[in-house]
């Protein structure tokens, strides 16, 4: 059977296994610990005097796949092409997947069945409805019910397990929204655009006036992916309203 490999440009989670003067060897944790290599030129931008000041053994990092040579069994990766924000989110996403798998392991052990059987009866149905297992578990935790795709007795047993072990985290994304409208009733149009944007951002969002037509919009959600989706939707709605009167909208996301 052909082994699964990442795609070029994909962001992957790696564990550093060995650091040498010319680069670092890593394992791709999402791909059955496939071996990869980060050349010293891809560790960080700028000149490096001591590579060990930037990367250490057993460190968990996010890396971008540069090239894959299946004949040489070599995967070349870059650390410096991954921003700190993307790295944080990718590692967090991977950590959530690990925790989700551990819950399935606990369920399998409680029912005295194999992990594969537990996965087939719980995770597979949920992944037909949700983009990730962690998002499915967050929804179960929030709503207090499991998708009807998960059949009994797995449904009720999974619900109890999630209720005991999953607390929904809160993640915040933010940006600066600048709105300009030259119409005589421009103030009212901008108010409408902001109101509609705030609705799409969700009840936990916050809009802060910064002056000179600029507003900071903060969106809170269970994970970064859904928070960013809400933020994008709210900005698009404000842009749509202002564009109808030939106004101007500028948006800049705040990276943390």
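The values are calculated or read from the model by the stated rules, or taken from the named source; none is laboratory data. Note that the coordinates shown come from a computational prediction; the quantities given were computed from them, not determined experimentally. Ideal geometry is used to build each Cβ from the backbone, glycine not excepted, and the neighbour counts take in all protein chains shown.
Among the residues of region 8-21 satisfying the criterion of being in a loop (DSSP other than H, G, I, E, B) and in contact with a strand residue (DSSP E or B) (Cβ under 7 Å, 6 or more places away or on another chain), which is farthest from residue 79 (Cα to Cα)? Give the steps one after another, and end with the answer.
The first filter runs over region 8-21 and keeps only residues in a loop (DSSP other than H, G, I, E, B), leaving 8-10, 21.
Going one step further and asking which of them are in contact with a strand residue (DSSP E or B) (Cβ under 7 Å, 6 or more places away or on another chain), we end up with 8-10.
Numbers: 8: 14, 9: 12, 10: 12 Å.
Among residues in region 8-21 that are in a loop (DSSP other than H, G, I, E, B) and in contact with a strand residue (DSSP E or B) (Cβ under 7 Å, 6 or more places away or on another chain), the one farthest from residue 79 (Cα to Cα) is 8.
If I filter region 30-46 for residues that are under 20 Å from residue 6 (Cα atoms) and assigned to a helix (DSSP H, G or I), do I get at least one hit?
Residues of region 30-46 that are under 20 Å from residue 6 (Cα atoms), as a first pass: 30-39, 42-43.
Within this subset, residues satisfying the condition of being assigned to a helix (DSSP H, G or I) are 42.
Yes, that holds for at least one residue.
Which residue is surrounded by the most Cβ atoms within 10 Å (Cβ to Cβ), if the candidates are limited to region 203-219 and must be free of Cβ contacts under 8 Å to residues at least 40 places away in the same chain and over 12 Å from residue 179 (Cα atoms)? Break it down into steps so the answer makes sense when it comes.
Step one: of region 203-219, the residues free of Cβ contacts under 8 Å to residues at least 40 places away in the same chain are 203-215.
Right, trim to over 12 Å from residue 179 (Cα atoms) and you get 203-208.
On the way: 203: 7, 204: 13, 205: 21, 206: 13, 207: 15, 208: 11.
Result: 205.
Just to be sure, is residue 117 touching a residue at least 12 places away in the same chain (Cβ under 8 Å), outside the structural domain of residue 225 (by TED's automatic domain parsing) and either surrounded by 14 or more Cβ atoms within 10 Å (Cβ to Cβ) or not in a strand (DSSP E or B) (or both)?
Details: touching a residue at least 12 places away in the same chain (Cβ under 8 Å): no; outside the structural domain of residue 225 (by TED's automatic domain parsing): yes; either surrounded by 14 or more Cβ atoms within 10 Å (Cβ to Cβ) or not in a strand (DSSP E or B) (or both): yes.
So residue 117 fails the test.
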